[in-house]
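Colleague: Handing you a structure now.
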Amino acid sequence: MSKCGALLLFALVSVLAATALGEKLPEPYKVTGKVYCDTCRCGFETNVTTYIHGAVVELQCMDETHTKVVFRNETVTNKGGKFTFVVSYDHGDQYCDVVLKRSPDKSCKIVDPGRDRARVIVTNSNGINSYHRYANNMGFFADRALPICGKLLKYYLHFDDDQ
């Protein structure tokens, strides 16, 4: 292949790669959230919810047709159950979700199907003037509810009746 042909091929591959990743940002996005153990098995966080250290989560961005993953990155939660992704490229029209992968807690490994993913917008083309994105907290169910949960849920119901 001639030098000109090789240069043209390199330029084409660079353009395709840049198109798939989007525009490089002056400041990277930080996508944060938490992973919890639903110790009452009620589908939401309570006063006795714990946060999982070492849970694996993945940021996935799909093309606009939802047919192909074009970006994927994994991270692990810290002691407080918090995760952070650093994303250097604008993902424009792509659909990005943070997805639960696995829990290291043997007694809290069942993925809550209603809290297993969180949609995040990873573009500045939406009017948000910040490079920090917050994902909704996601959770796993404990194998068994804590003994205090019945009393706690009755309290929540009573509190709700007073409103």
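The values are calculated or read from the model by the stated rules, or taken from the named source; none is laboratory data. Here the structure is a predicted model, which means the values were calculated and not measured. Here Cβ is always computed from backbone atoms with ideal geometry, including for glycine, and neighbour counts include all displayed protein chains.
Colleague: Condition (residue is in contact with a helix residue (DSSP H, G or I) (Cβ under 8 Å, 6 or more places away or on another chain), over 27 Å from G150 (Cα atoms) and hydrophobic (A, V, I, L, M, F, W, C)) applied to region 28-42: is it met by at least one residue?
Modeller: Taking region 28-42 and keeping what is in contact with a helix residue (DSSP H, G or I) (Cβ under 8 Å, 6 or more places away or on another chain), we get 39-42.
If we keep only those that are over 27 Å from G150 (Cα atoms) as well, we get none.
Within region 28-42 (the criterion being in contact with a helix residue (DSSP H, G or I) (Cβ under 8 Å, 6 or more places away or on another chain), over 27 Å from G150 (Cα atoms) and hydrophobic (A, V, I, L, M, F, W, C)), the answer is no, since none of the residues qualifies.
Colleague: Test of understanding: among T84, T50, which residue is modelled with pLDDT of 95 or more and either closer than 17 Å to V31 by Cβ or crowded, with 17+ Cβ neighbours inside 10 Å (or both)? Write out each step before concluding.
Modeller: Values: T50 fails: either closer than 17 Å to V31 by Cβ or crowded, with 17+ Cβ neighbours inside 10 Å (or both).
After ruling out the rest, the residue left standing is T84.
Colleague: Out of (1) surrounded by fewer than 17 Cβ atoms within 10 Å (Cβ to Cβ); (2) more than 22 Å from F141 (Cβ to Cβ); (3) polar (S, T, N, Q); (4) touching a residue at least 12 places away in the same chain (Cβ under 8 Å), the odd one out for N78 is which?
Modeller: (2)
Colleague: Something else: Filter region 87-111 for residues that are at pLDDT 95 or above and over 14 Å from V56 (Cβ atoms); which is surrounded by the fewest Cβ atoms within 10 Å (Cβ to Cβ)?
Modeller: The first filter runs over region 87-111 and keeps only residues at pLDDT 95 or above, leaving 98-111.
When the remaining residues are screened for being over 14 Å from V56 (Cβ atoms), the result is 106-107, 110.
On the way: K106: 7, S107: 12, I110: 15.
My answer is K106.
Colleague: Tell me which residues, restricted to region 70-92, are closer than 21 Å to V35 by Cβ and hydrophobic (A, V, I, L, M, F, W, C).
Modeller: To start, the set of residues in region 70-92 that are closer than 21 Å to V35 by Cβ comprises 71-87.
Residues satisfying the conditions are F71, V76, F83, F85, V86, V87.
Colleague: Further, regarding this structure: Suppose we keep only residues that are out of contact with any Cys (no Cβ under 7 Å at 6 or more places or on another chain) and more than 30 Å from L146 (Cα to Cα) within region 70-81. Which one would you say is modelled with the highest pLDDT? Talk me through it step by step, then tell me what you get.
Modeller: Going through region 70-81, the residues out of contact with any Cys (no Cβ under 7 Å at 6 or more places or on another chain) turn out to be 72-81.
Applying the additional criterion that residues be more than 30 Å from L146 (Cα to Cα) yields 72-74.
Details: R72: 92, N73: 94, E74: 97.
Going through the qualifying residues, I end up with E74.
Colleague: Since E64 meets every condition but one in (1) surrounded by 12 or more Cβ atoms within 10 Å (Cβ to Cβ); (2) over 23 Å from K34 (Cβ atoms); (3) out of contact with any Ser or Thr (no Cβ under 7 Å at 6 or more places or on another chain), which condition does it not meet?
Modeller: (1)
Colleague: Which residue, of Y95, Y134, is in contact (Cβ under 8 Å) with a residue 24 or more places away in the chain and more than 20 Å from Y36 (Cβ to Cβ)?
Modeller: Working: Y134 fails: more than 20 Å from Y36 (Cβ to Cβ).
On inspection, the qualifying residue turns out to be Y95.
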